[in-house]
Amino acid sequence: MDSVDVVVIGAGPVGLACAIAARRRGLTARVIDKGPLVCSLVGYPNQMELFSTPELIEIGGHPFATRRYKPTREEAIDYYRGVARSEQLDLRLYEKVLRVEGERDAFSVMTEKGTHSCRRVVVATGFFDVPNRLGLEGEQPPRVIHYYKEPYAYTGQEVAVVGGKNSAAKAALDCYRNGARVTLIHRGESLSDRVKYWLRPDLENRIQEGNIQAFFSSEIRAIEEGRLLLETPDGPRSIANDFVIAMTGYRPSYDFLATLGMDIHKDRARTPVYDDTTFETNRPGLYLAGTVCGGLHTGRWFIENGRHHAEQIAEHIASGHAPEVDLANRHWVTAE
Ligand SMILES: Cc1cc2nc3c(=O)[nH]c(=O)nc-3n(C[C@H](O)[C@H](O)[C@H](O)COP(=O)(O)OP(=O)(O)OC[C@H]3O[C@@H](n4cnc5c(N)ncnc54)[C@H](O)[C@@H]3O)c2cc1C
């Protein structure tokens, strides 16, 4: 395939922003994604209201017009599709990147469908592909899911929602309002402080009035036919169960980062090693952008702040700085 200056791995909001910023500096860019455009947003719950107001997730200076205070998942997908079309981005979708061979100025990005030659690589692969698993036997769909879309399949069913953050709160309320008998199970003593102000009182009131059962400081110990065995502060409990919605968070694919030769800090968040000004990694010519930069600390970067990585990376690539020059005063970020 014809060579380009920059290959961006990941057609999420930040990957798209990186390609736009590179092209604005006269560089050629190609965006490769293993799934559809903005694959992670496609994987969000249907009709979900984002927590950002539209202007905070705009990219490339394209206005995000919507009547709502906060856009829905569907509006955000439409917006990013519109941006990609008007920027005429070179998109290669449903093409998984397997590894990156070569070095700065002469990389070969190997995918399931072929090889892309380029001078620089930007890795904007997010964190949504690897769910934090419960690690229990029987933990597979349809009984146990990690990607919640909508409540209709759960009407009249015994549904356990695992987790204590926004996704768990939303799924629990959604399923309850659509006729499921919902039990919330969270290993924390209470709901996370990060639960949004418009979700918290609603859920807490449903629990108080007994319409949603809740077990805090508790975990599932076993998934059995028609029931779950829980470990609770009052000892083992058995509850009736048909489905488990495990909203236990996600993590970047460390296997993929390892194939890229990326160093990972030994901090609690297992943060990838990159320069906090240029986002260049320990492998010269290979950059990291967006939410993947946070490692396990998936709340550190999101669209609102991750989109700004694009300008810093494109500026560094366009300046043609040789990594040797900067090594002396490079300061590696850590999550602490
Ligand atoms: C339910 C939910 C709601 C959120 N709401 C907001 C919000 O309102 N505001 C906000 O700022 N943030 C929000 N976030 C956080 C986060 O900003 C988003 O997850 C956003 O998608 C991150 O953008 P990104 O471009 O860094 O990564 P992603 O959008 O995750 O994009 C990464 C892309 O890389 C692709 N990819 C991965 N591996 C490969 C490979 N090997 N080969 C090819 N392609 C690959 C994936 O398919 C994916 O499309 C939310 C997150 C979740 C889970």
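Observations on the structure shown:
- When only the Cβ of Lys, Arg, Asp and Glu is charged (+1, +1, -1, -1), the dipole of segment 1-140 relative to its Cα centre reaches about 300 debye.
- Here the 3J(HN,Hα) profile of segment 227-235, calculated from phi with Karplus coefficients 6.51, -1.76 and 1.60 at θ = phi - 60°, is 7, 10, 9, 10, 9, 10, x, 8, x Hz, Gly and Pro shown as x.
- Environment charge at Val244 (Cβ cut-off 14 Å; Lys +1, Arg +1, Asp -1, Glu -1): -2
- Net +/- balance of residues flanking Met48 in space, Cβ distance below 11 Å, scoring K and R +1, D and E -1: -1
- If you run the Gaussian network model on the chain, springs between alpha carbon atoms under 10 Å, then out of Glu74, Glu204, Glu225 the most flexible one is Glu225.
- Considering only Glu101, Glu49, Glu224, the Gaussian network model of the chain with Cα springs below 10 Å gives its largest mean-square fluctuation to Glu224.
- Listed values for segment 61-75 are Karplus-derived 3J(HN,Hα) couplings in whole Hz (6.51 cos²θ - 1.76 cosθ + 1.60, θ = phi - 60°), namely x, 8, x, 9, 8, 7, 6, 7, 5, 10, x, 8, 4, 5, 5, and x replaces Gly and Pro.
- Take 294-307, 5-18, 87-100 and order them by the average number of nearby Cβ atoms within 10 Å per residue, most first; the result is 5-18, 294-307, 87-100.
- Placing unit charges on the Cβ atoms only, positive for Lys and Arg and negative for Asp and Glu, gives the chain a dipole magnitude near 380 debye about its Cα centre.
- When both bridge partners sit in segment 133-246, DSSP labels roughly 40% of those beta bridges antiparallel.
- Computed E for Thr277/Leu56 - FRET, C-beta separation, R0 22 angstrom, nearest 0.05: 0.45
- 1.4 Å probe accessible area per residue over the chain, in Å²: 47
- Estimated dipole of segment 133-246 in Debye, rounded to 20 [Cβ of Lys and Arg +1, of Asp and Glu -1, Cα centre]: 340
- Modelled spin labels at Glu304 and Leu136, positioned 7 Å past Cα toward Cβ, are 3.4 nm from each other.
- Taking the DSSP beta bridges with both ends in the chain, the antiparallel portion is around 50 percent.
- Positive-end residue of Ile145, Val130, Val83, charge dipole of segment 54-160 with Cβ unit charges: Val83
- Within the accessible area of segment 132-213, the carbon and sulfur atoms contribute 46%, probe 1.4 Å, all protein chains present.
- Charge context of Ser3, other residues only, Cβ under 15 angstrom, K/R +1, D/E -1: -1
- Take the Cβ atoms of Asn178 and Asp234, set R0 to 35 Å, and the FRET efficiency comes out at 0.75.
- Springs between Cα atoms under 10 Å define the GNM used for the chain, and in it the highest mean-square fluctuation of Tyr250, Tyr80, Tyr69 occurs at Tyr69.
- In degrees, nearest ten, helix 309-319 long axis to first principal axis of the chain (Cα): 10
- Distant-in-sequence amide contacts of Thr125, defined by a placed amide H-H separation under 5 Å and a gap of 5 or more residues or a different chain, comprise Ala289, Val292.
- Under 5 Å from the amide H of Ile264 lie the amide H atoms of Val273, each residue being 5 or more positions distant or on a separate chain, with H modelled from the backbone and absent for Pro and chain starts.
The values are calculated or read from the model by the stated rules, or taken from the named source; none is laboratory data. Because the structure is a prediction, the values reported are computed rather than measured. Don't worry about glycine lacking a Cβ; one is built from the backbone with ideal geometry, like all the others, and counts go over all protein chains shown. Just the protein is used for accessible areas: all its heavy atoms, side chains included, with ligands, DNA and RNA removed. Shrake-Rupley method; radii C 1.70, N 1.55, O 1.52, S 1.80 Å.
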